[in-house]
Amino acid sequence: ARPGTSTLNLTAGATTSNSTIVPVGDGGAIDLYFSVATQLAVDITGGFTAADTATAGRFHPTAPARLRDTRDGGSAPLGLGESITVPLPGDVPADAIALAVNVTSVKAAHSGFLTGYAAGSEPPTTSFMNPDGSGAARAASTILPISADGLTISTTAGGHIVVDLVGSYFY
């Protein structure tokens, strides 16, 4: 079944890319859905294999699920330098060390960047996405560290943030 989450947000006439982790179906294939006509190139850069004995630090896929959408309820967009904290999802074990997420920036009115980190820790000096200030939706897949309180995403570009879960890493 097609999930209610997104991986890539297209803008007419623009070449757009993203990386993501996608579970394969029973036959080893994936389905792709687009809300608009487009041309597409798909590159496979890796995969995960099941392990009978080792589990520590391995990827554990989940059905894609929306964890947070700041547009819900008519909320105002985040301002420059603001952040949101996404609680640890209930179906992710408490000893999880990271989440594989797809993060979408929507209506960022300024150029800037998004960074993610374990809730309660210091923000890193690196980014995983750089909105251009056009307000266009931009998506990026990333693996972010988490704490028992979840993860925090900060933006210097403002706008709305959508966070979709695709998997976790735990001991």
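Data table
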quantity	calculated
Förster radius 25 Å - calculated FRET efficiency between THR125 and THR85 (Cβ-Cβ, nearest 0.05)	0.80
Top positive-direction residue, dipole computed over the chain with Cβ charges, set THR115, GLY158, THR49	GLY158
Debye, to nearest 20: dipole size of the chain, +1 on Lys, Arg Cβ, -1 on Asp, Glu Cβ	340 debye
Accessible area (Å², per residue) of the chain, counting only protein heavy atoms and a probe of 1.4 Å	58 Å²
Label selected from (i) 49, 48, 32; (ii) 58, 35, 29; (iii) 48, 42, 30, the criterion being Cα extents along the principal axes in Å as computed here	(iii)
Protection-proxy order for peptides 125-133, 143-151, 75-83, each taking the mean of Cβ atoms within 10 Å per residue, highest first	143-151, 125-133, 75-83
GNM top mover of ARG66, ARG138, ARG58 - the chain, alpha-carbon springs below 10 Å	ARG58
Average projected area [Cα convex hull, the range 113-171], square nanometres	4.5 nm²
Whole-percent carbon and sulfur share, accessible surface of the range 80-171, 1.4 Å	54 percent
Calculated on alpha-carbon atoms, Rg and Dmax of the range 69-142 in Å	13.3, 39
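The values are calculated or read from the model by the stated rules, or taken from the named source; none is laboratory data. As the structure is a prediction and not an experimental result, all values here were calculated from the model. FYI the Cβ positions are ideal-geometry reconstructions off the backbone, even for glycines, and counts take in every protein chain you see. Surface areas here come from the heavy atoms of the whole protein model, side chains and all, with no ligands, DNA or RNA. Shrake-Rupley method; radii C 1.70, N 1.55, O 1.52, S 1.80 Å.
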